[in-house]
Structure formats: structure tokens, C-alpha cells
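To keep things clear, I will list the structure first and then write my remarks on it.
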Amino acid sequence: MLGKVIKHDLRACSPLYGVACVISLIFALAAVLNRSGNNDFSYLRTAPFLITGCTVAILVLVILFLVHTALRYQRSMYGDEGYLTFTLPVRATELIVGKFIAAAVWGFIIWLLCGLLCFSILYGAVAPSATEQFWNEVRNVWAMADIRNTLLLVATTLLLGILEQIAVIYLAVTLGHLPCFRRANGILTLVFYFGITFAEGKITELIPMLSQDALESSLNYMIDLVDVLAFSRELQSFFLPSMVAILCFTVIYLVISGILVKKYTSLQ
């Protein structure tokens, strides 16, 4: 049944995300093709519009994903679809895990699209006459192991951050629809969402390597650095514990959501 839950959620979200992905791909490809076949003068007339379109597309994709994830979870668990959901021969934990995996798949796709759009912005900002120089710089940067590892760490941290946001949304929606709350569930969900985010920030500050003082000292040290490689290594020392903290918070949020759904939601 877990597989059926995943397939059902993937299919339910595919029309909306499909349209958003196609539009984003159009902007990304247009920004790349615009500067690959034109001279510098004609490129300058359309490049600002396409780069702005790619930037807006990134913002829309992120906001759309967060809002739709919350609405999808709320409707399938506490809306009209919720009655049918809990008649399925599946445990509450399987429901949470199945929906999380489906949302994570779409989150991974959004992550890839945002990465493609970011590349389109960078590549689209390069004049056609500087194409060879651009690719030479890319090869030189990628050849540096420390910088390459830092970029991969940043990308992985962003991906884990998407997964954590799914878990935060699930917990906030679950708390906002507990049996003791009969009204204003949407407002309560927002309150719990920002409350969880605020509490997580305070807890993170208790971790020595992620505390505010440590971050400020690291930032001041990195600003004073002249060596790019040393700068990237300093960034790695921050992102590694951040990834571990994000994973821990994600698991905690999902476990709490599963417990609350099993104890309360299925009885509503």
C-alpha cells in the first residue's frame, strides 16, 4: 500500500508541477539559446528580460512547492479526501512516509530545475563573444577540488533543506488540525510553521559550530581571507554540521507527525 500512496500523490500533483516545469524549462532554454546564436548587440536587447524571467521562475517554483505541499497534505489528510484516506488499509506511519516520499520526488525535481535556471542566469549573462572564456573559467573552477566539494555541499544542503521544509509543513499542518482546534486551522498552521522554524533556529544556536558567535567569527575570518581555497574550506566546516542538523530535524519532525496522526487524526 505504501507504493500506492506514493503513486497516488505523484499523479495528483503532476498536472500542476508539470505545467510549472515546462514553463521554467522554456525560460531556461530561451536564456541559453538567446546568447548562443546572436551577436552582442542583439543579445543585449533580450537578455535582461530572459534573465529576469529565470529569476522569477525560481521564486515561483519555490513558493509554489511550499504552498502546494501544505495544501496537498491538508486536503488529503483533513479535507474531503481525508475521509477516503483513512479508509485505506494502511497505517498512519505509512501515510506520512508515502506522502513525504512523493513530495520529496517533486522537491528533487524543483531542486534540479532551480539549479538549471541558476546556470541559465549565469550563462545568459555572458556575452556571446565571451563564451570560450566562460567555459575556460568553469573548467578551471571545477578542477579545484576544494571549490568543487564546497559547491556540492551547498547543493546538497539546499536539497536537504527542501526535505526538511516538507517535514516542517507536515508537522505544522498536523498540529494545526488537532482535535482541540476546531476553528482557524489554516491560521494555526501558519503559527505553528513559523513557531517551529523559530524554535529550530534557537536550538541550532545551542550547537557550538552553528551558534551565532561561531557564525560571526567564521564570517569575519572568511572576509579577511584572500585565498579562495581557504575560504572554501571554511565554508565546508559550516555546511557539514548543518547537513547533519537538517537531517536530524527532518527525522524528528516526521516521527512527531506520525505519532500525532496515529493517535489523533485517524480518530477524527
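The values are calculated or read from the model by the stated rules, or taken from the named source; none is laboratory data. Quantities reported herein were computed from a predicted structural model and do not represent experimental measurements. We place every Cβ from the backbone using ideal geometry, glycine too, and count neighbours over all the protein chains shown.
Of all the listed residues (L2, L29), the sole one being modelled with pLDDT under 90 and touching an Asp or Glu at 6+ places or on another chain (Cβ under 6 Å) is L2.
A single member of V97, V90 is over 13 Å from the mean Cα position of the chain (by Cα) and at pLDDT below 85, and it is V90.
Scanning segment 147-188 for residues that are of a type in the set (D, E, K, R) and surrounded by 16 or more Cβ atoms within 10 Å (Cβ to Cβ) yields a total of 1. Only one of the numbered conditions (1) aliphatic (A, V, I, L, M); (2) closer than 30 Å to I259 by Cα; (3) at pLDDT below 80 is not met by V126, and that is (2). Selection of segment 1-17 for residues being hydroxyl-bearing (S, T, Y) and in contact (Cβ under 8 Å) with a residue 24 or more places away in the chain yields only Y17. Being over 30 Å from A92 (Cβ atoms) and in contact with a Leu (Cβ under 6 Å, 6 or more places away or on another chain) is the requirement here; does T131 meet it? The answer is no for T131.
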